[in-house]
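The values are calculated or read from the model by the stated rules, or taken from the named source; none is laboratory data. A quick note: this is a predicted structure, and the numbers were derived from the prediction, not measured. No Cβ is skipped: glycine too gets one built from the backbone with ideal geometry, and neighbour counts run over all protein chains shown. The area values use the complete protein model at the heavy-atom level, side chains included, leaving out ligands, DNA and RNA. Shrake-Rupley method; radii C 1.70, N 1.55, O 1.52, S 1.80 Å.
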Amino acid sequence: MAWTRYQLFLAGLMLATGSINTLSAKWADNFNAGGCGGTAEHSFQHPFLQAVGMFLGEFSCLAAFYLLVCRDRRRAEPSLAPAQPFNPLLFLPPALCDMTGTSIMYVALNMTSASSFQMLRGAVIIFTGLLSVAFLGRKLVPSQWLGILVTMAGLVVVGLADMLGSRDETHKLSEVITGDLLIIMAQVIVAIQMVLEEKFIYKHDVHPLRAVGTEGFFGFVILSLLLIPMYYIPAGSFSGSPRQVLEDTLDAFCQIGRQPLIALALVGNISSIAFFNFAGISVTKEISATTRMVLDSLRTVVIWAVSLAVGWETFHGLEILGFLILLAGAALYNGLHQPLLARLPWRRPPAGAVGSEAERENLLGGERAPINGDS
């Protein structure tokens, strides 16, 4: 069935904003500017402040939700179901996981390339599958176990590409290895977030935009408050600021004042996460969860192509191999091979056996996708 113009727009919006989200964060990291008190130029390494901006983008989804509600109420026949009462504090544990995982990933982005950052996030499949079996009592089919094994092989290949390519990059080999390990470690926390959402939140049937916005609210408030003690906690060489503290927010604003393009990169990051969540939710609703997964994979290709074009990284053939293996693992885990097998003459189901509603089910973890698909 041919896509409508609206569906094409949603798919393009998801692909564009998802790519901009990672690229704008990496763009900000690549700037050098002087800090407060006339300090020498240094790189913009403020991962926790960037994470606050990301949560601000998520928080804005709450405003989008209430705009949709107001617009729906003006219609003669409202389409949105009445909201069920729920305790907003249910979103606090997942928000804490989101806050921790996102902060770790922004730290790691300072140490590795944007394309490897995006590819290694595919490790979430492994931990989501294992945790869903352990805590949700879900049974994985053989193709999902195979998908996990293939994904593990893909991560090894991408890691090797990073280590071999680090000779030509600005990052040291030790930084690249540390960054890659931090990204994979963050996926454990993201998987815990998904399990918590599945177990405690989805049964309340909260609108996705409202759910993203509520988690964004908790993340924004808590992490903003944590910036205060981070300003005084020493971090040694781990910190990129002259004061060598965990997060020097004042230094970040001084750098933004001396290099306005950093502000543009941060605004791009904040706005893209809001539009990406909206587009992702809409793609799942208007087209299918399968399309959303494919577009998310294409996002990696766009990020890699742009990074090569602007000279942020050098070409390495192993990255292509690693990406293809990760793509195959995600396809197996999420069941994308089943429609292909169904087209075979001896596997073709009877007419009407496969309904469109089944295709619209979210595929990550067998049933559900994460509330925030990009944090």
Testing the spin-label approximation: label points 7 Å from Cα along Cα→Cβ at A76 and S224. State their distance in nm.
4.3
For the chain, the charge dipole (Cβ of Lys, Arg +1; Cβ of Asp, Glu -1; about the Cα centre) points to a positive end, and the Cα of F238, G101, V206 closest to that extreme belongs to V206
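Sorting check: for 87-99, 298-310, 53-65, which peptide has the highest mean count of neighbouring beta carbons within 10 Å, and how do the rest follow?
My ranking of the peptides, most packed first, is 53-65, 87-99, 298-310.
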Take A63 and Q7, extend 7 Å from each Cα along the Cα→Cβ direction, and tell me the distance between the two endpoints in nm.
3.2
Under the rule that a partner needs its Cβ under 4.7 Å from the first Cβ, which Cys of the chain have none?
C61, C70, C97
For the chain, what's the radius of gyration and Dmax over Cα atoms, in angstrom?
21.0, 74
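Protein chains only, probe 1.4 Å: how do V245, V156, V141 rank by accessible area, largest first? Present the calculation step by step, with values, prior to reporting the outcome.
Details: V245 10, V156 90, V141 70 Å².
So, going from the largest accessible area down, we get V156, V141, V245.
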Considering every Cα-Cα pair within the range 142-213, what fraction, in whole percent, is farther apart than 21 Å?
50
Scalar couplings 3J(HN,Hα) for the range 63-78 by Karplus 6.51 cos²θ - 1.76 cosθ + 1.60 (θ = phi - 60°), nearest whole Hz, x for Gly and Pro, are 5, 4, 4, 5, 5, 5, 5, 4, 5, 5, 5, 7, 6, 5, 10, x
Between F238 and Q84, the two model label points (7 Å from Cα along the beta-carbon direction) sit apart by a distance in nm of 4.1
With every protein chain present, what accessible area does I192 have (1.4 Å probe, heavy atoms only), rounded to the nearest 10 Å²?
70
With all distinct Cα pairs included, what does the Kirkwood hydrodynamic radius of the range 215-288 come out to in Å, to one decimal, could you say?
14.8
